[in-house]
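First up is the structure itself, then whatever we jot down about it.
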Amino acid sequence: MDQIQEISETLKLLSDKTRLTIVALIKDQELCVCEIVDFIGISQPGISQHLRKLKDGGIVNENRKGQWIYYSLKAELPPYIRVLIEHLPSLQDQHTKNNCCE
């Protein structure tokens, strides 16, 4: 029953449109929080809250480079999450690399 609860919580986490968009953005590349803010168009504190939830849920990694934090998908994800992520559309060509954090 614990496994069912864990899957339920993960699916709830990914049911939010903003969080799912973040996952689609970082599925192909590591991005700085400012790049995610620019793409999604909500405030940095709002994006940071979503990223914290994804990190706490075991979906994303964070990597500090100087004053900036970059986010990427964890390499080891449960198969059901990996399949879901593989079916997300790529947003890479819609996202333009931003030099906000260099």
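The values are calculated or read from the model by the stated rules, or taken from the named source; none is laboratory data. This structure is a prediction, so every number in the text was calculated from the model and none was measured. Virtual Cβ from ideal backbone geometry, glycine too; neighbours counted across all protein chains shown. We work out accessible area using only protein heavy atoms, side chains counted, and drop any ligands, DNA or RNA first. Shrake-Rupley method; radii C 1.70, N 1.55, O 1.52, S 1.80 Å.
Each label was represented as a point 7 Å from its Cα along the Cα-to-Cβ direction; for LYS55 and SER15 these points are 2.5 nm apart.
For Rg and Dmax of the Cα atoms in Å, the candidate list reads [x] 13.5, 46; [y] 19.8, 59; [z] 20.7, 68; the entry that matches the value derived from this model is [x]. Placing R0 at 22 angstrom, the Cβ-Cβ distance between CYS34 and LEU88 gives a FRET efficiency of 0.50 after rounding to 0.05.
Residue separation of ILE4 and ASN63 scaled by 0.36 nm, minus their Cα-Cα distance, works out to 18.2 nm of gained length.
In the complete set of protein chains, residue-level accessible area for ASP38 is approximately 100 Å², probe 1.4 angstrom.
Note: relative contact order over the chain, using C-alpha pairs below 8 Å and six or more positions apart, is 32 percent. The accessible-area ordering, largest first, of the residues VAL23, VAL37, VAL83 stands as VAL83, VAL37, VAL23, per a 1.4 angstrom probe.
Ordering ARG82, ARG52 by accessible surface, largest first, gives ARG52, ARG82; the 1.4 Å probe counts only protein heavy atoms, with every chain in place. Counting charges near ILE81 (Lys, Arg +1; Asp, Glu -1) among other residues having Cβ under 13 Å from its Cβ returns a value of +1. Note on exposure: SER72, SER43 ranked by accessible area (1.4 Å probe, complete protein assembly) read SER43, SER72, with the most exposed listed first.
Rolled with a 1.4 Å probe across the full set of protein chains, the surface gives LEU20 an accessible area near 50 Å².
Annotation: TYR71 carries an accessible surface of approximately 20 Å², with a 1.4 Å probe and no ligand, DNA or RNA atoms counted. The GluC sites (Glu not before Pro) found in the stretch 1-82 that occupy coil by DSSP, while having at most 16 further C-beta atoms within 10 Å, are GLU30, GLU76.
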